[in-house]
Amino acid sequence: MGVGMPAALFLNDFGAFVYHAFGEWPYHVGSSVDGKLWRDVDVRLMLADEIYERLGFGDPKHPHSNARWVAFCAAFSALGNQMTGLPIDFQIQTLTNANAEFGGCVRSALGTGPTMTNLPAPAETGRARDQLLAEIQRDRANARLLAVHDLADARLRNEPLDEHVRSDLREIERLSREDNE
């Protein structure tokens with residue numbers, strides 16, 4: 001890393017904190033990864049699109065307009081600065097946008113090596129992430145069931161499909177396409 005020692009050790013510890021908060025490894029990116037001249041240290045957390053949406057971070061193409069995203073990024077930037085003494089620029093991105101915009105750039109995972117902090121084993125946070133993903137899958141299944149129920153109800157009453165039912169059917173189709181990708 002281009003941040004030098006012992007800052008690299010502290011940056012790794014910060015990465016472990018981020019991992020335990022979100023269940024995903026953050027990445028050191030940008031000019032400070034291997035360069036000697038940089039103005040800040042870019043740390044990016046790339047979340048699955050569904051998790052990013054579930055956490056309420058808003059439009060991933062315009063995250064600065066979402067107060068929740070701004071608060072999280074500011075808080076983790078300040079924590080990173082406090083832990084490392086480095087000017088941390090922490091941002092949360094969707095995996096889709098990060099790969100589309102910066103897929104060819106160097107990324108160095110943080111928090112994966114030995115840390116100086118006494119944090120619980122990564123498996124604990126991994127289970128929390130798996131539970132969140134399972135909850136998302138259950139919500140998708142429940143949305144499908146509700147839409148099928150609305151469709152069956154409309155058909156039983158011999159009524160034309162209202163916009164609500166048509167919207168549910170479009171959502172089922174969209175979720176099915178995503179599941180098949």
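The values are calculated or read from the model by the stated rules, or taken from the named source; none is laboratory data. Remember, predicted model here, so these are calculated numbers, not experimental data. Don't worry about glycine lacking a Cβ; one is built from the backbone with ideal geometry, like all the others, and counts go over all protein chains shown.
Which of the residues spanning region 31-55 are hydroxyl-bearing (Ser, Thr, Tyr) and surrounded by fewer than 19 Cβ atoms within 10 Å (Cβ to Cβ)?
Of everything in region 31-55, just one residue is hydroxyl-bearing (Ser, Thr, Tyr) and surrounded by fewer than 19 Cβ atoms within 10 Å (Cβ to Cβ), namely Ser31.
Would you pick out the residues in region 42-90 that are within 13 Å of Val18 (Cβ to Cβ), among the aliphatic types (A, V, I, L, M) and in contact with a strand residue (DSSP E or B) (Cβ under 7 Å, 6 or more places away or on another chain)?
Scanning region 42-90 gives Val43, Leu45, Met46, Leu47, Ile88.
Could you run through region 1-52 and say how many residues are under 12 Å from Leu86 (Cβ atoms) and hydrophobic (A, V, I, L, M, F, W, C)?
11
Suppose we filter Ala100, Ala109 for residues that are modelled with pLDDT under 90, among the aliphatic types (A, V, I, L, M) and in contact with a Phe, Trp or Tyr (Cβ under 7 Å, 6 or more places away or on another chain); which single one remains?
So the residue among Ala100, Ala109 that is modelled with pLDDT under 90, among the aliphatic types (A, V, I, L, M) and in contact with a Phe, Trp or Tyr (Cβ under 7 Å, 6 or more places away or on another chain) is Ala109.
Which number in (1) within 21 Å of Thr112 (Cα to Cα); (2) touching a residue at least 40 places away in the same chain (Cβ under 8 Å); (3) of a type outside the set (A, V, I, L, M) marks the one condition that Ser77 misses?
Answer for Ser77: the failing condition is (2).
In contact with a strand residue (DSSP E or B) (Cβ under 9 Å, 6 or more places away or on another chain) and of a type outside the set (D, E, K, R): is that true of His28 in this structure?
Spelling it out, His28 is indeed in contact with a strand residue (DSSP E or B) (Cβ under 9 Å, 6 or more places away or on another chain) and of a type outside the set (D, E, K, R).
Any residue in region 1-14 that's assigned by TED's automatic domain parsing to the domain that holds Asn81 and on the phi > 0 side of the Ramachandran plot: show its pairings with residues that are of a type outside the set (A, V, I, L, M) and crowded, with 21+ Cβ neighbours inside 10 Å at Cβ separation under 8 Å, as long as the two are six or more apart or on different chains.
Nothing qualifies.
Name the single residue that is surrounded by the most Cβ atoms within 10 Å (Cβ to Cβ) among those in region 56-70 being among the hydrophobic types (A, V, I, L, M, F, W, C) and either out of contact with any helix residue (DSSP H, G or I) (no Cβ under 9 Å at 6 or more places or on another chain) or in contact (Cβ under 8 Å) with a residue 24 or more places away in the chain (or both).
That would be Phe57.
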